[in-house]
1. Rounded to the nearest 5, what is the percent of antiparallel bridges among the DSSP beta bridges in segment 148-225?
2. Give the long-range amide H neighbours of residue 300: residues separated by 5 or more places, or on another chain, with amide H under 5 Å away, using H modelled in the peptide plane at 1.01 Å from N.
3. Can you work out the Karplus-derived ³J(HN,Hα) for every residue in segment 254-268? Use 6.51 cos²θ - 1.76 cosθ + 1.60 with θ = phi - 60°, whole Hz, and x for glycine or proline.
4. How much length is gained if the chain between residue 204 and residue 247 is pulled fully straight, taking 0.36 nm per residue apart and subtracting their Cα-Cα distance, in nm to one decimal?
5. Filter the trypsin sites (Lys or Arg not before Pro) in segment 281-328 to those in DSSP coil with at most 15 other Cβ atoms within 10 Å of their Cβ, and list the result.
6. Using 0.36 nm times the number of residues separating residue 164 and residue 293, minus their current alpha carbon distance, what extension gain do you get?
7. Multiply the residue gap between residue 26 and residue 226 by 0.36 nm, knock off their C-alpha separation, and tell me the result in nm, one decimal place.
8. Please give the net charge around residue 257, taking every other residue with its beta carbon less than 12 angstrom from that of residue 257, where Lys and Arg add +1 and Asp and Glu add -1.
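Computed from the coordinates by the stated procedures, all read-outs in this text should not be read as laboratory data. This one's a predicted model, so the numbers in the text were calculated from it and none came from an experiment. Methodologically, a virtual Cβ is constructed for each residue, glycine included, from the backbone with ideal geometry; neighbour enumeration extends over all protein chains shown.
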Amino acid sequence: MEYKDYYKLLGVSRSASKDEIGKAFKKLARKYHPDLNPNNPEAEAKFKEINEAYEVLKDEKKRKLYDQFGSNWEHGQNFQPPPGYENADFGGFSGFGGGGASGFSDFFETIFGGGGGGFRGGFQQGGFQQGGYQQGGYQPRPRRGSDAEASYELTLEEAYRGGRKSITLQEQVSGPEGIPRMATKTLEVTVPAGIRDGQKIRLAGQGNPGVNGGPKGDLYLKIRLTPHHMFKVADADVILDLPLAPWEAALGATLRVPTLDGAVEMKIPPGISSGKKLRIKGRGLGSGARKGDQYVRIMIHVPERLSEKERELMEKLRDASGFKPRTF
């Protein structure tokens with residue numbers, strides 16, 4: 001039977017304090033805990049070894065008995081425990097299972113006997129509360145899978161109207177012999193009417209798979225609005241630049257103006273200047289009390305080339321008008 005150097009397993013000196021031993025164990029447990037290393041038999045075996053070492057060295061009586069090997073520490077193979085070890089009194093300590101069923105080594109069983117009990121609890125930040133060793137070996141608890149996120153593009157019209165959409169995604173699944181592979185899945189998604197850029201749609205149970213039979217996490221679709229040829233978006237509001245001829249701006253006009261919910265008639269007041277905004281209430285994104293508006297921004301355009309008649313009329317307007325656009 002092979003001797004086990006518990007101090008070496010935990011990476012501490014034989015004079016280490018109980019506090020140093022505890023810190024060393026927690027550091028190694030975070031690294032090798034089976035919950036954090038699924039399908040890794042080497043990590044699970046290492047965790048069992050450090051757990052066994054900790055169970056002995058944290059207990060003064062068991063540590064003292066273990067230390068009585070003295071010079072036998074330097075002989076790794078075929079050690080013989082001192083006489084009377086099998087009858088040692090641990091002050092109520094009940095052992096860790098019989099016949100190796102507990103997951104502890106033959107070395108441990110020979111020195112400390114059998115019974116019940118063992119390490120309970122699992123890894124979390126700063127402690128052990130999830131899964132763990134119980135009588136009969138390590139019994140990991142089911143853990144929920146992590147959430148996933150994917151981007152989903154919508155046109156501005158699709159976001160305004162909402163409705164049912166079919167989306168196709170790539171996900172990693174377990175293939176033959178447990179080898180990961182990529183697979184395609186199609187999901188039906190209800191897009192809320194008026195959804196804005198950057199908002200997320202939650203798809204329950206469509207995220208990453210759980211561990212040890214735990215439920216899947218959720219999938220979050222982050223909405224990205226594609227650029228529009230006519231409208232700009234500012235949070236929940238949409239903005240339309242409306243070109244006007246100089247005489248339309250000066251005299252006023254009634255025009256058909258496009259919105260995301262169909263064209264509407266808009267009255268342009270006379271004397272409006274370029275850059276001014278007119279509001280169409282409730283034709284933006286969002287819903288309910290947070291529904292945005294559409295703003296129509298006036299952009300006065302002039303002809304790049306004038307006919308002789310147009311130039312003549314413009315010159316007459318210039319000469320007849322007392323309008324002063326500048327005050328400096």
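1. Values: 16 of 23 bridges.
Among the beta bridges of segment 148-225, antiparallel pairing accounts for roughly 70 percent.
2. 244, 274, 275
3. Using θ = phi - 60°, the values come out as 10, 10, 8, 10, x, 9, 6, 10, x, 6, 10, 7, 10, 8, 8 Hz.
4. Values: separation 43, 0.36 × 43 = 15.48 nm, distance 5.72 nm.
Difference between extended and current length: 9.8 nm.
5. Of the trypsin sites (Lys or Arg not before Pro), the ones in loops of segment 281-328 whose Cβ has at most 15 other Cβ atoms within 10 Å are 281, 305, 326.
6. On the way: separation 129, 0.36 × 129 = 46.44 nm, distance 2.42 nm.
My answer for the length gained is 44.0 nm.
7. On the way: separation 200, 0.36 × 200 = 72.00 nm, distance 4.95 nm.
Length difference between fully extended and current span is 67.1 nm.
8. Numbers: positive: 256, 267, 279, 283, 297; negative: 241, 261, 265.
Counting the neighbours of residue 257, the net charge comes to +2.
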